[in-house]
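Undergrad: Before I ask anything, here is the structure I am working with.
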Amino acid sequence: QIFRLEDYQPSNYLIPEIALDFRLDPQETLVTATLTVERIARAPADAPLILDGDGLTLEALRINGEEAATDSHDVSPDRLTITRLPASRQFELTIVTRIAPAMNTTLMGLYVSNGVFCTQCEAEGFRRITYFLDRPDILSVYTVRMEADRSEAPLLLSNGNPVEKGVLADGRHFAVWHDPFPKPSYLFALVAGDLGVVKDRFTTASGREVDLGIYVEHGKEERATYAMDALKRSMRWDEDRFGREYDLDVFNIVAVSDFNMGAMENKGLNVFNDKYVLADHDTATDADFANIEAIIAHEYFHNWTGNRITCRDWFQLCLKEGLTVFRDHEFSADQRSRAVKRIAEVRGLRAHQFPEDQGPLAHPVRPRRYREINNFYTATVYEKGSEVVRMLCTILGSEAFRAGMDLYFDRHDGQAVTIEDFVKSFEDASGRDLSQFSLWYHQAGTPNVALSSRYDGNKNALTVEIEQSVPPTPSENRKRLMHIPLAFGLVGPDGSDLDYESVEGANVENGVMHLRRRRHQITFKGVTARPVLSINRGFSAPVTLSVEINANEQLFLARHDSDPFSRWQALNTLLTGALITASKSVRGGKKPVFDDEIISITADLAADETLEEAFRALTLSVPGEADVAREIGRDIDPDTIHAARKALLLAIAQAGGETFRKLYDGLLDNAPFSPDARSAGRRALRNTLIEFLTLDDANPAAAYRQFEDADNMTERAGALTVLAQHFHDTAEGRAALAAFEERYSNNPLVLDKWFQIQAMIPSAETVSLIRNLMKHPQFLLANPNRVRALVGTFSMANQTAFHSADGEGYRLVAETVTALDRHNPQVAARLATAFRSWRSLEKGRREHARKLLSEMARRDDLSRDLADILERTLA
Ligand code: ARG
Ligand code: ZN
């Protein structure tokens with residue numbers, strides 16, 4: 001079945017209230033749902049009430065307290081259709097279902113993770129608990145009563161505020177929670193188990209006292225203190241920046257170890273993958289700390305963008321996700337270095353969203369059709385969705401943007417709305433027409449902007465020729481012209497931006513050119529010196545650029561552009577170009593050579609003490625093999641890219657030599673560990689440098705020393721990565737891997753790093769290494785974090801081994817996907833997206849991939865999730 005946006009129909013029935021009663025038991029849980037149902041005025045009196053289910057067993061059905069006659073309804077595990085209903089518009093329905101949480105391996109609905117009952121209902125998991133109108137435009141007030149064994153589950157949590165608890169016979173007890181805010185079923189949550197807690201308090205701007213709790217496994221409380229700090233900073237920030245306050249008496253977060261995604265924003269009770277809660281200096285890297293901060297913020301921010309205002313239907317997913325990602329990006333930018341954060345975002349967008357947009361799984365930020373909504377929690381909906389909101393802010397300016405947000409909150413609080421409603425708030429608040437801009441939501445594909453410029457010194461005029469195009473994507477051949485806001489600067493000979501007197505050919509305001517037509521010829525007059533054009537500053541639009549600019553100008557921008565993002569971009573473009581040329585040489589059987597200037601500028605920037613360390617670490621991070629492959633775009637041979645990149649690393653290492661060594665030593669911190677951005681930046685730079693030092697020595701000793709001396713996970717894992725990448729078959733490489741395993745054998749989250757680092761080893765033996773690691777006692781196919789760490793990392797971050805020429809890497813992933821699909825279709829389908837760029841490979845690899853994909857697709861026991869991904873990937 002395919003769901004289409006244009007088929008949306010409001011429901012004939014509403015459910016303003018629901019009372020849920022859970023008799024919790026891992027093997028057999030009884031759920032009694034009492035629904036207040038209301039037929040809408042314009043619905044016919046005999047309209048059937050069709051409730052969604054998924055694998056349910058109905059125990060009892062009562063209508064207005066009376067046992068329902070057998071001929072009044074029709075029931076299957078996936079649906080309850082009630083055809084004989086009371087004539088009154090409002091009535092009460094009582095539904096009793098029986099479920100088995102301990103047997104639930106899909107991790108959707110109610111399941112047990114490490115002995116803890118927990119739920120995941122987004123998108124369509126609530127129907128695995130009870131029959132319901134499981135769609136986001138049905139908003140209900142929930143009252144939840146739970147009872148469970150007191151020793152197994154001393155803790156009983158649900159959404160909203162606690163109202164009652166008490167002791168029962170037979171060692172059981174109960175608790176009642178009430179959430180006064182009407183919400184869709186996907187925001188329902190329940191947690192019951194035996195957990196430790198970190199508590200704190202927050203006073204909102206208007207003086208409301210909120211009790212905060214973060215629940216984790218006993219003994220891990222200390223590792224939740226950073227998350228608590230991030231939560232309080234998020235709450236304050238949303239008040240300051242968006243005027244949004246928290247609205248309940250309690251806010252709880254629970255960390256569980258089996259979770260399909262990162263985290264979930266259930267009203268007042270966020271449930272998290274414990275990977276995004278637990279951190280301390282010995283077990284978490286700086287990247288982990290930054291992720292925790294961002295995801296805690298993200299889920300908290302959903303309270304307004306997602307919960308108070310939710311989606312009318314799942315086609316509108318970006319309404320809450322794109323917007324909330326934008327909000328968490330802004331939060332992190334304010335907490336850390338804005339420039340460094342922006343570069344990281346763009347790297348992520350290019351690594352994850354661009355390939356999606358340029359391959360068979362491309363879809364608009366707001367899709368028009370889906371078979372399985374879980375497959376649309378994508379980089380396009382999330383990350384490109386965030387870029388669209390960022391562009392809206394760029395186009396309107398921050399004041400009008402804030403006014404539009406305020407209007408959106410005022411107008412739609414308590415509603416389930418659409419992207420059109422969202423955009424309309426900004427149109428009404430600003431008086432601008434955003435219809436062309438809205439295409440960013442509706443049209444898939446990464447637009448390309450081709451650009452050339454010439455300067456006429458006699459007339460003091462710079463003329464820029466620009467052309468936009470949007471490549472075709474599946475089922476969208478003809479594309480309309482977009483409104484592309486391109487931030488720019490005219491960089492003068494001394495590096496500062498030049499002024500101009502007038503401009504014609506496009507609307508240009510506040511340093512942004514607004515492209516709205518296919519072609520623009522833009523002329524800047526009164527430009528007194530020949531400028532270098534710096535374009536798409538801060539990555540103001542998520543496009544690809546084809547710019548006619550020579551290497552000298554690019555080098556000039558890398559040294560002088562006042563926009564740090566563009567400086568990084570200029571260098572990145574140069575390095576990518578060098579790698580493409582070098583990989584061609586390798587493929588032609590020649591030794592790759594690199595331009596001295598590019599090498600030396602990379603080394604210079606790393607040593608430039610006027611720049612922050614985190615930025616210098618980024619300039620030193622050579623584009624990854626996947627980045628280069630994406631730029632090449634077709635007939636890709638990953639081995640040649642790998643060889644080219646290794647040669648470039650070596651060239652930089654040799655040029656850096658003594659300078660890098662001194663730099664590295666000078667960055668050693670004797671201060672006690674702190675996760676702040678500045679300290680993290682120093683560690684990032686050291687970690688980048690250690691790879692070059694080790695390569696320059698052609699000897700693992702320096703990395704091994706860092707591994708042994710490190711007093712924090714960032715440097716320990718950084719050193720181990722260098723050893724695994726370049727020296728895995730040396731005594732040091734083996735010793736370090738063994739020592740790490742032994743030290744952290746009791747910490748699954750840290751062991752994931754050990755799996756991950758080995759999954760990235762570029763070697764012909766890695767496939768069999770991974771097959772062995774899958775037999776490791778700590779590896780569990782049932783745990784999504786383990787699967788992602790080992791097989792996910794292999795498929796996404798090991799270009800040479802995943803794409804090994806004999807097809808064995810593909811086979812490994814295909815077999816894992818197939819095995820996993822029987823237990824957890826969502827995670828299996830996600831893993832299968834690793835094949836999305838298969839058509840851009842050279843012929844031999846393409847054939848292997850095609851064969852394996854077709855074999856998988858032919859199976860008749862596939863989940864809907866996996867069948868959907870395979871079908872689209874092969875189409
Ligand atoms: N809404 C969650 C978040 O982004 C993600 C939940 C996705 N769950 C799923 N089953 N697809 O914060
Ligand atoms: Zn989200």
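The values are calculated or read from the model by the stated rules, or taken from the named source; none is laboratory data. Please read all numbers here as calculations on a predicted model, not as lab measurements. When we count neighbours, we look across all protein chains shown, and the Cβ atoms used for this are built from the backbone with ideal geometry, even at glycine.
Undergrad: Take the residues in region 274-284 that are under 18 Å from the mean Cα position of the chain (by Cα) and away from ligand 1 (no atom under 11 Å from the Cβ); name whichever of them is surrounded by the most Cβ atoms within 10 Å (Cβ to Cβ).
TA: Among those that are under 18 Å from the mean Cα position of the chain (by Cα) and away from ligand 1 (no atom under 11 Å from the Cβ), it is Val277.
Undergrad: Residue check, Tyr246 against (1) within 16 Å of ligand 2 (Cβ to nearest atom); (2) among the aromatic types (Phe, Trp, Tyr); (3) assigned to a loop (DSSP other than H, G, I, E, B), all met but one. Which one?
TA: Every listed condition holds for Tyr246 apart from (1).
Undergrad: Right, next: Yes or no: Phe251 within 15 Å of ligand 2 (Cβ to nearest atom) and either assigned to a strand (DSSP E or B) or over 21 Å from Tyr377 (Cα atoms) (or both)?
TA: no
Undergrad: Now for a different question. Please go through region 286-295 and give me each residue that is surrounded by fewer than 24 Cβ atoms within 10 Å (Cβ to Cβ) and either more than 16 Å from the chain's Cα centre (by Cα) or among the aromatic types (Phe, Trp, Tyr) (or both), ordered by number.
TA: The one that is surrounded by fewer than 24 Cβ atoms within 10 Å (Cβ to Cβ) and either more than 16 Å from the chain's Cα centre (by Cα) or among the aromatic types (Phe, Trp, Tyr) (or both): Phe289.
Undergrad: I'd like to check which strands (runs of 3 or more DSSP E) are fully inside region 86-201 and have at least 3 residues that are of a type in the set (D, E, K, R) and away from ligand 2 (no atom under 16 Å from the Cβ).
TA: Here the list reads 140-149.
Undergrad: Here's another thing I want to ask about it. Does at least one position in region 532-539 carry a residue that is surrounded by 19 or more Cβ atoms within 10 Å (Cβ to Cβ), assigned to a loop (DSSP other than H, G, I, E, B) and either among the β-branched types (Val, Ile, Thr) or in contact (Cβ under 8 Å) with a residue 60 or more places away in the chain (or both)?
TA: yes
Undergrad: Now for a separate question. Going through region 291-328 one residue at a time, which ones are aliphatic (A, V, I, L, M) and within 13 Å of ligand 1 (Cβ to nearest atom)?
TA: Within region 291-328, Ala294, Ile295, Ile296, Ala297, Leu317, Leu319, Leu323, Val325 qualify.
Undergrad: Return a yes/no flag: does region 697-709 have any residue that is modelled with pLDDT of 95 or more, among the hydroxyl-bearing types (Ser, Thr, Tyr) and crowded, with 22+ Cβ neighbours inside 10 Å.
TA: To start, the set of residues in region 697-709 that are modelled with pLDDT of 95 or more comprises 697-709.
Imposing the further condition that a residue be among the hydroxyl-bearing types (Ser, Thr, Tyr) reduces the set to 704.
Subset that is crowded, with 22+ Cβ neighbours inside 10 Å: 704.
The answer is yes, given that some residue of region 697-709 is modelled with pLDDT of 95 or more, among the hydroxyl-bearing types (Ser, Thr, Tyr) and crowded, with 22+ Cβ neighbours inside 10 Å.
Undergrad: If you check every pair at least six apart or on different chains, which have Cβ atoms under 7 Å apart with a residue in region 312-338 that is polar (S, T, N, Q) first and a residue that is within 10 Å of ligand 1 (Cβ to nearest atom) and not in a loop (DSSP other than H, G, I, E, B) second?
TA: Every condition considered, the pairs that remain are Thr324/His298; Thr324/Phe301.
Undergrad: Go through (1) within 14 Å of ligand 1 (Cβ to nearest atom); (2) part of a helix (DSSP H, G or I) one by one and return the number of the condition Glu239 breaks.
TA: For Glu239, the failing item is (1).
Undergrad: Looking at (1) under 16 Å from the mean Cα position of the chain (by Cα); (2) among the hydrophobic types (A, V, I, L, M, F, W, C); (3) under 16 Å from Gly445 (Cα atoms); (4) more than 16 Å from ligand 2 (Cβ to nearest atom), which is the only condition Val346 fails?
TA: So Val346 meets the others, but not (3).
Undergrad: List every residue pair whose Cβ atoms sit under 6 Å apart, with the two residues 6 or more apart in sequence or on different chains, where the first one lies in region 32-61 and is under 9 Å from Val96 (Cα atoms) and the second, anywhere, is surrounded by fewer than 17 Cβ atoms within 10 Å (Cβ to Cβ).
TA: Close Cβ pairs (under 6 Å, with a partner that is surrounded by fewer than 17 Cβ atoms within 10 Å (Cβ to Cβ)) amount to Thr57/Arg98; Glu59/Arg98.
Undergrad: Would you point out the residue of region 459-500, among those that are within 26 Å of the chain's Cα centre (by Cα) and of a type in the set (S, T, N, Q), that is modelled with the highest pLDDT?
TA: Thr473
Undergrad: Does Ala558 satisfy the criteria of being of a type in the set (Gly, Ala, Ser) and not in a strand (DSSP E or B)?
TA: Taking the combined requirement at face value, the residue satisfies it.
Undergrad: When the residues of region 540-553 are filtered to those that are out of contact with any Ser or Thr (no Cβ under 7 Å at 6 or more places or on another chain) and among the β-branched types (Val, Ile, Thr), which remaining residue is surrounded by the most Cβ atoms within 10 Å (Cβ to Cβ)?
TA: Ile549
Undergrad: Have a look at Asn291, Asn374, Asn307 and point out the one that is assigned to a loop (DSSP other than H, G, I, E, B) and within 15 Å of ligand 2 (Cβ to nearest atom).
TA: From the options Asn291, Asn374, Asn307, the qualifying one is Asn307.
Here's the yes/no breakdown for (1) under 22 Å from Asp456 (Cβ atoms); (2) modelled with pLDDT under 95; (3) more than 38 Å from the chain's Cα centre (by Cα):
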| position | (1), (2), (3) |
| --- | --- |
| Met513 | yes, no, no |
| Arg518 | no, no, no |
| Thr523 | yes, no, yes |
| Phe539 | no, no, no |
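Undergrad: Which of (1) farther than 30 Å from Ala400 by Cβ; (2) within 16 Å of ligand 1 (Cβ to nearest atom); (3) hydroxyl-bearing (Ser, Thr, Tyr) does Thr225 not meet, given it meets every other one?
TA: Every condition holds for Thr225 apart from (2).
Undergrad: Within region 202-236, track down each residue that is of a type in the set (Phe, Trp, Tyr) and outside any helix (DSSP H, G or I).
TA: Residues satisfying the conditions are Phe202, Tyr215.
Undergrad: Being crowded, with 17+ Cβ neighbours inside 10 Å, at pLDDT 95 or above and small (Gly, Ala, Ser) narrows it down to one residue among Ser854, Ser837; which is it?
TA: On inspection, the qualifying residue turns out to be Ser837.
Undergrad: How many residues are β-branched (Val, Ile, Thr), in contact with a strand residue (DSSP E or B) (Cβ under 9 Å, 6 or more places away or on another chain) and not in a strand (DSSP E or B) if we restrict to region 501-531?
TA: Residues meeting the conditions: 1.
Undergrad: Can I ask one more? Hey, among Leu319, Leu361, which residue is away from ligand 2 (no atom under 14 Å from the Cβ) and over 13 Å from the mean Cα position of the chain (by Cα)?
TA: Leu361 is the lone residue from the list that is away from ligand 2 (no atom under 14 Å from the Cβ) and over 13 Å from the mean Cα position of the chain (by Cα).
Undergrad: If Tyr408 satisfies every condition in (1) under 23 Å from the mean Cα position of the chain (by Cα); (2) surrounded by 20 or more Cβ atoms within 10 Å (Cβ to Cβ); (3) under 29 Å from Leu139 (Cα atoms) but one, which is the exception?
TA: Only one criterion is unmet by Tyr408, namely (1).
Undergrad: Which residue, of Val381, Val365, is under 14 Å from Pro542 (Cβ atoms), of a type in the set (A, V, I, L, M, F, W, C) and in a loop (DSSP other than H, G, I, E, B)?
TA: Working: Val381 fails: in a loop (DSSP other than H, G, I, E, B).
Result: Val365 is the single residue among Val381, Val365 that is under 14 Å from Pro542 (Cβ atoms), of a type in the set (A, V, I, L, M, F, W, C) and in a loop (DSSP other than H, G, I, E, B).
Undergrad: Is there a residue being more than 32 Å from the chain's Cα centre (by Cα) and either surrounded by 21 or more Cβ atoms within 10 Å (Cβ to Cβ) or not hydrophobic (A, V, I, L, M, F, W, C) (or both) anywhere in region 676-693? Give the derivation first.
TA: Quick first cut of region 676-693, residues more than 32 Å from the chain's Cα centre (by Cα) only: 693.
So of that shortlist, the ones also either surrounded by 21 or more Cβ atoms within 10 Å (Cβ to Cβ) or not hydrophobic (A, V, I, L, M, F, W, C) (or both) come out as 693.
Checked against the condition, which is being more than 32 Å from the chain's Cα centre (by Cα) and either surrounded by 21 or more Cβ atoms within 10 Å (Cβ to Cβ) or not hydrophobic (A, V, I, L, M, F, W, C) (or both), region 676-693 yields at least one hit.
Residue by residue, here is whether (1) within 27 Å of the chain's Cα centre (by Cα); (2) surrounded by fewer than 20 Cβ atoms within 10 Å (Cβ to Cβ); (3) not small (Gly, Ala, Ser) holds:
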| residue | (1), (2), (3) |
| --- | --- |
| Leu51 | no, no, yes |
| Arg62 | no, yes, yes |
| Ser76 | no, yes, no |
| Ser88 | no, yes, no |
| Leu93 | no, no, yes |
| Cys118 | yes, no, yes |
| Phe132 | no, no, yes |
| Arg135 | yes, no, yes |
| Val141 | no, yes, yes |
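Undergrad: Evaluate the following for Glu399: is it out of contact with any Leu (no Cβ under 7 Å at 6 or more places or on another chain), part of a helix (DSSP H, G or I) and within 16 Å of ligand 1 (Cβ to nearest atom)?
TA: Criteria not met by Glu399.
Undergrad: Now, a different point. With (1) among the charged types (D, E, K, R); (2) modelled with pLDDT under 95; (3) closer than 26 Å to Gln799 by Cβ as the list, and Lys646 as the residue in question, which single condition is left unmet?
TA: (2)
Undergrad: Another question, then. Confirm whether Ala153 is out of contact with any Phe, Trp or Tyr (no Cβ under 8 Å at 6 or more places or on another chain) and at pLDDT 95 or above.
TA: Taking the combined requirement at face value, the residue does not satisfy it.
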